[in-house]
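Before any comments, here is the structure.
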Amino acid sequence: MRQIFFDTETTGLNPESGDRVVDIGCVEMVNRQLTGRHLHFYLNPERDMPEEAFRVHGLSIEFLSDKPKFAQIVDEFLEFIRDAELIAHNAAFDVGFINAELKRCGKAPLHECVESVRDTLLMARDMFPGKANSLDALCRRLEVDNSNRGLHGAVKDAELLAEVFIRLTRGQDSLVIDDSGSSSGEGGQLEVAAIDFSAFDLPVIAATAEELALHDKALVDLDKASGGKRIWQVPVAA
């Protein structure tokens, strides 16, 4: 199964009122293993940057002014996510913004390009009802290291979400995300720490005679309590 962990940063909260995407991050996983492939774009939103949004992600109009517009990267973006399961935290927000950008370009909405969309916020609310389920809260609860997060950034958040997702769905020990290189553009690498459990020589500890006697007594007591209806350890007729 091919999955793409996905995040955006924007100029605000409402694409219908003219807010735009300024940062897109995608991280690829195949059969629950990070492949090291990711896609990342800073984008020129073709408008101003509200102070509230700048305080969240730190992306100024001066920095974004020479970056590509969404229409210039849309085909590369769609090709990268095509036929994958798209996974995002609060997916309605990110998908809504991307669909608004696709509409401006005359493109079909996301659901016509990807296999499906999964929302880890909804998953977390089902698993931890009544608790805080932001990405930061999940990192703390699931012991995912987000000490290098600082300001919000799309590709870093997508990397964190990948590890959170693994722990939400399987409890696998860890996915090691290598921050030694830049993860905000080409050349960022993701490394997987794989554990081969077949290499462990697990000891078999036999029960002592005293433990076996206590076990037999417990079975006799259960047999009495059930009126002789205990069904295990009863010989099966040939």
| request: From (1) farther than 16 Å from Lys156 by Cβ; (2) touching an Asp or Glu at 6+ places or on another chain (Cβ under 9 Å); (3) free of Cβ contacts under 8 Å to residues at least 40 places away in the same chain; (4) not basic (Lys, Arg), pick out the condition that doesn't hold for Glu51. | output: (2)
| query | Of these, Phe93, Phe70, which one is within 27 Å of Glu163 (Cα to Cα), surrounded by 15 or more Cβ atoms within 10 Å (Cβ to Cβ) and out of contact with any Phe, Trp or Tyr (no Cβ under 7 Å at 6 or more places or on another chain)? | reply | Phe93
| field | Extreme residue, farthest from Asp75 (Cα to Cα), among residues of segment 106-150 that are open to solvent by less than 40 Å² (accessible area, probe 1.4 Å) and either among the β-branched types (Val, Ile, Thr) or touching a strand residue (DSSP E or B) at 6+ places or on another chain (Cβ under 8 Å) (or both) | value | Val144
| Where a residue in segment 135-146 is at pLDDT below 90 and its partner, wherever it lies, is surrounded by fewer than 17 Cβ atoms within 10 Å (Cβ to Cβ), with Cβ under 7 Å and at least six apart | Asn146/Asp136
| request: Kindly provide the set of residues from segment 23-41 that are in contact (Cβ under 8 Å) with a residue 40 or more places away in the chain and closer than 21 Å to Leu102 by Cβ, ordered by number. | output: Asp23, Ile24, Gly25, Cys26, Val27, Glu28, His38, Leu39, His40
| request: Keeping to segment 23-49, report how many residues are open to solvent by less than 30 Å² (accessible area, probe 1.4 Å) and of a type in the set (Asp, Glu). | output: 2
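Being assigned to a helix (DSSP H, G or I) and open to solvent by 10 Å² or more (accessible area, probe 1.4 Å) is the filter here, so list the residues in segment 96-105 that pass it.
Initial filter on segment 96-105 (assigned to a helix (DSSP H, G or I)): 96-104.
Once the filter is applied, which keeps residues that are assigned to a helix (DSSP H, G or I) and open to solvent by 10 Å² or more (accessible area, probe 1.4 Å), segment 96-105 yields Gly96, Asn99, Ala100, Lys103, Arg104.
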| request: Could you identify the single residue in Arg82, Arg20 that is over 13 Å from Ala158 (Cβ atoms), in contact (Cβ under 8 Å) with a residue 60 or more places away in the chain and open to solvent by 20 Å² or more (accessible area, probe 1.4 Å)? | output: Arg20
| task | Considering each of Gly12, Gly106, Gly96, Gly58 in turn, give the residue that is modelled with pLDDT under 95, over 15 Å from the mean Cα position of the chain (by Cα) and not polar (S, T, N, Q). | result | Gly58
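The values are calculated or read from the model by the stated rules, or taken from the named source; none is laboratory data. It should be emphasised that the depicted structure is a prediction, and the values quoted were computed from it without experimental measurement. Quick reminder, even Gly has a Cβ in these numbers, built from the backbone with ideal geometry, and neighbours come from all protein chains shown. Quick note on the areas: whole protein, heavy atoms, side chains included, nothing else; ligands and nucleic acids left out. Shrake-Rupley method; radii C 1.70, N 1.55, O 1.52, S 1.80 Å.
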